[in-house]
Amino acid sequence: MSHHDDFSAESLMMSAGHDPALVRNSIKNPIFQTSTFVFDTAEEGKAFFEKVYGDGNTEEKNNSLIYTRLNHPNLTTVEKRLALLDGADDSAFFESGMAAITTTLLEFCKAGDLILMSFPLYGGSDSFIKKTLPGFDIEHIAFTPEMTKEEILELVNTHPRANRLAYIYVETPANPTNSLIDIEMLSEVADNFSTTEKKVILSVDNTYMGPLWQKPLQHGADLVLYSATKYIGGHSDIIAGACSGKSDLIYRIKGMRSKLGCMASPWTSWLLSRSLETLTLRMEKQASNAATLAKLLEEHPKVDKVYYVGAIQPGEPYHELYQKQYSSGGAMLAFDVVGGEAEAFRFLNALQLACLAVSLGSTETLASHPFTMSASNMSLEDRAAVGITPAMIRISTGIEKLGDLVKDFTQALEKV
Ligand SMILES: *Cc1c(COP(=O)(O)O)cnc(C)c1O
């Protein structure tokens, strides 16, 4: 089927990457619960190996079914769909977000290299770069969202490994404070340190905005990474990860994925392709619920401060960047209650509809306390530096009826 140029990615989520004629006209892809695939002839087996390990195109590779760790039909279906949403040549899916992140870093960073990372990062990514990669002789330096391009260039240039900068690892908006980072500016930093022999790779962890509200590849990123556990999976029932980009880069990542053996399984992939059908519906409802909750919090006497990308006003420092890089304020909020940990806990314990849990991007609204939960492994100084206080609560807005969320938040704030 070659109708892909005529319709939007949103409309193709129901059909892309699946050919009913190959599976007895089943409108949906069956789950290919198999470890290996039978070749019609030895010649076909030989040809499939040549295609999978050769320079052939993605379509040919996807049709060369050999062994489920390398490739399987549920995986190629969901990869095709995410690539459409991201405007990418190809995507790769993994059994977790951390598998996507670590596989990608291991493919592009070698002993002696330097990584430039944004700060703060998701705890698992932060710990892999700071604690695991030094054991492979890969060093890092960190920049904060308020630093200018000149300051970042200076930071890299004064490092003894400046000429070994291999990778720029960015997460925007930052968790949980929602600070924004200019992807286009960092692509210029990457160009500045790239040579004809070596291209500096720029990746963006786009988990917080999902494939809908921020398109890092359009702003000069080489790769976009996801915890697909969050918006892409969207139902708090699977762990998964993904990476999208140009086909030569994804080809290399898939090669490393085959070696590490962390591809998404048939069952996980099948659930992901089902989830992508409703991604836009879910995310739009989540964002509209979030906008109203943010307003309620802004105006509430028990709330000190609200962190919400959609609240950035014209004239404020990040407004231009917000307009350039985001098509929505998103569905992630954080706020400081008046008081400290005791007051924050009273709010969390009083919630009746929203669930007290970490994670984000799911159909149900989730509330958590970063200071003692997701950010508790950060030093006190680091938490203070990025504004994670004991009074802070993080909200991932779900798809519940808006009036019920307002009712729940209002009664819980009364208990603060
Ligand atoms: C959850 C998360 C990850 C890790 O993903 P897993 O699916 O839990 O392995 C990475 N980055 C961000 C921003 C996340 O929120």
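The values are calculated or read from the model by the stated rules, or taken from the named source; none is laboratory data. Keep in mind it's a predicted model, so treat the numbers as computed, not measured. When we count neighbours, we look across all protein chains shown, and the Cβ atoms used for this are built from the backbone with ideal geometry, even at glycine.
Inspect segment 277-286 for any residue being outside any loop (DSSP other than H, G, I, E, B), crowded, with 20+ Cβ neighbours inside 10 Å, at pLDDT 95 or above and among the basic types (Lys, Arg) and give the result as yes or no. Give the derivation first.
Start the filter on segment 277-286 by keeping residues that are outside any loop (DSSP other than H, G, I, E, B), which leaves 277, 279-286.
When the remaining residues are screened for being crowded, with 20+ Cβ neighbours inside 10 Å, the result is 279, 282-283, 286.
The next check asks that each one be at pLDDT 95 or above; those that pass are 279, 282-283, 286.
Right, trim to among the basic types (Lys, Arg) and you get 282.
Yes - at least one qualifying residue is present in segment 277-286.
Of everything in segment 62-105 that is part of a helix (DSSP H, G or I) and of a type in the set (Gly, Ala, Ser), the residue that is farthest from TRP213 (Cα to Cα) is ALA99. Within segment 223-240, restricting attention to residues that are within 11 Å of the ligand (Cβ to nearest atom) and more than 23 Å from GLY329 (Cα to Cα), the residue that is surrounded by the most Cβ atoms within 10 Å (Cβ to Cβ) is ALA240. When LYS305 is tested against the conditions (1) in contact with a strand residue (DSSP E or B) (Cβ under 9 Å, 6 or more places away or on another chain); (2) crowded, with 22+ Cβ neighbours inside 10 Å; (3) outside any helix (DSSP H, G or I), the lone failure is (2). When you scan segment 9-26, do you find a residue that is under 18 Å from the mean Cα position of the chain (by Cα), touching a residue at least 24 places away in the same chain (Cβ under 8 Å) and not in a helix (DSSP H, G or I), even just one? The answer is no; no qualifying residue exists.
Answer with yes or no whether GLY315 is touching a Lys or Arg at 6+ places or on another chain (Cβ under 9 Å) and at positive phi. Don't jump to the end; show me each part of the working.
On the way: touching a Lys or Arg at 6+ places or on another chain (Cβ under 9 Å): no; at positive phi: yes.
In short, no.
Remark: GLY361 falls outside the filter, which requires a residue to be more than 16 Å from the ligand (Cβ to nearest atom), in a loop (DSSP other than H, G, I, E, B) and either in the same structural domain as GLU400 (by TED's automatic domain parsing) or modelled with pLDDT of 95 or more (or both).
Can you find a residue in segment 251-259 that is within 16 Å of the ligand (Cβ to nearest atom), hydroxyl-bearing (Ser, Thr, Tyr) and in contact (Cβ under 8 Å) with a residue 60 or more places away in the chain? Among the residues of segment 251-259, not one is within 16 Å of the ligand (Cβ to nearest atom), hydroxyl-bearing (Ser, Thr, Tyr) and in contact (Cβ under 8 Å) with a residue 60 or more places away in the chain, which makes the answer no.
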